[in-house]
Amino acid sequence: MDKLKIHGGNQLNGKIFISGAKNAALPLICASLLTKDTVTLTNMPMLSDIKSLNSLLLQMGTKIDEFDDFVDGHPTKTYSYTTLEATSLIAPYDYVRKMRASYYVLGPLLARYGHVELSLPGGCAIGARPMDIHLSALEQMGATIEIKNGYVHADINGRLHGADIIFKVASVGATCNILMAATLADGTTRIENAAKEPEIGDLIDLLNDMGAKISGRDTSTLTIEGVESLHKAIHKVIPDRIEAGSYAVAAAITRGCIELVNAQSSTLQTPLSILRSMGVEITEKDNSLIVDARGKKLVGQDIMTDFYPGFPTDLQAQFLALMLTAEGASMVTETIWENRFMHVPELMRMGANINVHGHASAIVRGVEKLSGAPVMATDLRASFALVLAGLVAEGETIVNRVYHLDRGYEKLEEKLRGVGADIERIKESDEAE
């Protein structure tokens, strides 16, 4: 199993190109299942999660073409997806256990084919993330749902029908699934308390380009008028705001200066406001974001995660690591997921001063220094928090289980080395030699 070896202490300066958004790309891929025509996605990130979802669609009969491409001179990928007719309507355990986002096939397959069998999903171990919101909404649209032997069995007689759906929480996954399902439903579907994340807007843009009739973008009320069929489209995936936020913290924690090329500052206003309050200088440009913490004394700030446009839960671990290098105490409150402080014991091995209260909050006190240590990654975003700590720790830090990072950060070591980090990947085969 690969590891990362980091020698801390280097100030990071330079430019990092921000890849296409993983959390946007995954539902966009599944939207291609709604049509027999080809859907082409550009600015696609090169991540293990993309490969896993592509493998699932290939197993279902989708033809996938891959092309090398460039965005602003930086290498990226373009994928074309064509599902003339699905050869399987089963999403098996061996595929779905690798990533929760596989559940995005549920809405499209049910809407187009009237049947789907989906293994209950896996993914990061950050608490219970039930699918009851997805399933209840689909039942309101006429689906018959049964769970047996670890699989969701969903059927409809004819077409899904429009419904007025009120989500009990603003779930991104459920919003995506019902949006896709409703495009081919008979009648009008209205979603109240819909998620408003930028990735939702990106999905709406693609679906409308494919011929869907969706209104209410960027609001909590979405209206979808069902159509008979959808058609081909070409769509560029939005930049990854979580990757951009993560590297913004890398600049801040090392007291360096990084320009995040291809970042959209409009999607990061709440995290950027926290950085500014801490004392970091932020310059927003048309197609980039400059994060400058050179010579700054940072001051701790309280953070509470919330649904967009609030502070993103996917940046909580990274900002918690940053608070360890700031003056004073900070309160970090997690309101979205339980068990999202599993990185704390690993940070404490490096000398962090953190007190966790239940599953919901942590008091973080700035420390004079962190010390390198072997640490274990527990989930995707927690993994990056450990990398951040390693970048400023004295001595050597070994981050184990970096397959978590490969799910969501493209060319991480290469990007960090490009701005001055002393970081390398140790492959399992290298250790055996």
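The values are calculated or read from the model by the stated rules, or taken from the named source; none is laboratory data. Quantities reported herein were computed from a predicted structural model and do not represent experimental measurements. Virtual Cβ from ideal backbone geometry, glycine too; neighbours counted across all protein chains shown.
Numbers below:
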{"read-out": "Residue within the stretch 351-361 that is crowded, with 23+ Cβ neighbours inside 10 Å, among the aliphatic types (A, V, I, L, M) and in contact with a helix residue (DSSP H, G or I) (Cβ under 6 Å, 6 or more places away or on another chain) present", "value": "no"}
{"read-out": "Checklist (1) free of Cβ contacts under 8 Å to residues at least 12 places away in the same chain; (2) of a type outside the set (Phe, Trp, Tyr); (3) over 19 Å from Asn13 (Cβ atoms); (4) in contact with a strand residue (DSSP E or B) (Cβ under 7 Å, 6 or more places away or on another chain) applied to Pro345, failing item", "value": "(4)"}
{"read-out": "Filter pass, Leu320 being buried (at least 22 other Cβ atoms within 10 Å of the Cβ), touching a Pro at 6+ places or on another chain (Cβ under 6 Å) and at negative phi", "value": "no"}
{"read-out": "Given (1) assigned to a loop (DSSP other than H, G, I, E, B); (2) surrounded by 16 or more Cβ atoms within 10 Å (Cβ to Cβ), number of the condition Leu109 does not satisfy", "value": "(1)"}
{"read-out": "Filter result (part of a strand (DSSP E or B), buried (at least 17 other Cβ atoms within 10 Å of the Cβ) and of a type in the set (Gly, Ala, Ser)) within the stretch 323-350", "value": "Ser330"}
{"read-out": "Only one of Glu334, Glu346, Glu368, Glu338 that is assigned by TED's automatic domain parsing to the domain that holds Ala389 and more than 23 Å from the chain's Cα centre (by Cα)", "value": "Glu368"}
{"read-out": "Test: residue in the stretch 369-381 that is part of a strand (DSSP E or B), polar (S, T, N, Q), touching a helix residue (DSSP H, G or I) at 6+ places or on another chain (Cβ under 8 Å) and surrounded by 19 or more Cβ atoms within 10 Å (Cβ to Cβ)", "value": "no"}
{"read-out": "Residue in the stretch 139-147 that is more than 30 Å from Pro239 (Cβ to Cβ), buried (at least 20 other Cβ atoms within 10 Å of the Cβ), out of contact with any Cys (no Cβ under 9 Å at 6 or more places or on another chain) and without any contact (Cβ under 8 Å) to a residue 60 or more places away in the chain present", "value": "yes"}
{"read-out": "Every residue from the stretch 63-99 that is surrounded by fewer than 16 Cβ atoms within 10 Å (Cβ to Cβ), of a type in the set (A, V, I, L, M) and within 22 Å of Gly408 (Cβ to Cβ)", "value": "Ile64"}
{"read-out": "Lone qualifier among Lys411, Lys415, Lys427 - being buried (at least 22 other Cβ atoms within 10 Å of the Cβ), assigned by TED's automatic domain parsing to the domain that holds Gln301, touching a residue at least 60 places away in the same chain (Cβ under 8 Å) and out of contact with any Cys (no Cβ under 9 Å at 6 or more places or on another chain)", "value": "Lys415"}
